[in-house]
Ligand SMILES: [Cu+2]
C-alpha cells in the first residue's frame, strides 16, 4: 500500500513541469502588486499550459506580459495562459512574462520566502518557494550590489 502511494506520487511529479529560480522583488509599504519571475521547464513530450497561480500572500494572481507600445510606453498585458513547449522551457523575467501578485496582504520583505502554487491546464498544481530579493534584482541568484540601495 505504501509502495503504491509512492509510485502514484512519483507519477504526478513526472507529469508536471519543473519550476526553478522563482523570485520576486521587495515591495514598498502600500504597493499592492508584485511580479514573480521563474524558469518553467517541461520535461514531457506534450506541451503544458500554465493557466494561473495562487499564493497565500496575494488576494489574486494573474499571468502578465510586459510589452512596449508604439508610443514607447511599457504596459502589462493580461495573458490567459502561458504555453510551455514539449521538452522546452519558458523564462519568466523582468520586462517580459511574469506572474503578477495582486492585492498583496502585506509588503514583501527582502530575504523572506513566499509560497506560490502554479496551476496547469489539467488542474495540477506545482508548488514553488519564491525568494524575495531586493527591489532591483534581475534574477534569483544575483548578489545585491554593496554600493547601492
Ligand atoms: Cu504584471
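Every number in this text was worked out from the coordinates using simple rules, so none of it is lab data. In this text, all values refer to a predicted model and were calculated from it rather than measured experimentally. Positions of Cβ are backbone-derived with ideal geometry, glycine not excepted, and every protein chain shown enters the neighbour counts.
Here the extension length gained between residue 113 and residue 49 equals 20.5 nm, from 0.36 nm per residue of separation less the Cα-Cα distance. Ranked by how many other Cβ atoms sit within 10 Å of their own Cβ, fewest first, the residues 146, 44 fall in the order 146, 44.
Taking every Cα-Cα distance in region 41-98 and sorting them into 10 Å bins starting at zero, the pair-distance distribution P(r) comes out as 22, 42, 29, 7, 0 percent.
Mind checking which of 100, 38, 76 has the largest fluctuation in a GNM of the chain, springs on alpha carbons under 10 Å? Of 100, 38, 76, the Gaussian network model singles out 76 as fluctuating most. One Cα centroid belongs to region 79-149, the other to region 48-64; the line between them spans 10 Å.
Normalised by 2.2 N^0.38 Å, with N the number of residues, the alpha-carbon radius of gyration of region 2-133 equals 1.12. In the chain, the calculated helix contribution to ellipticity at 222 nm averages -3000 deg cm²/dmol per residue, counting -39,500 (n - 2.57) for every DSSP H run with n ≥ 4.
Length gained on full extension, residue 106 to residue 78, computed as 0.36 nm times the residue gap minus the Cα-Cα distance: 7.8 nm.
GNM, the chain, Cα, under 10 Å: largest mean-square fluctuation among 25, 75, 65? Among 25, 75, 65, the largest mean-square fluctuation in the Gaussian network model of the chain belongs to 75.
From Cα pairs below 8 angstrom and at least 6 apart in sequence, can you work out the relative contact order of the chain, rounded to a whole percent? Display every interim value, and only then the final one.
Details: 340 pairs, mean separation 45.2, N = 149.
Once divided by the residue count of the chain, the mean separation gives 30 percent.
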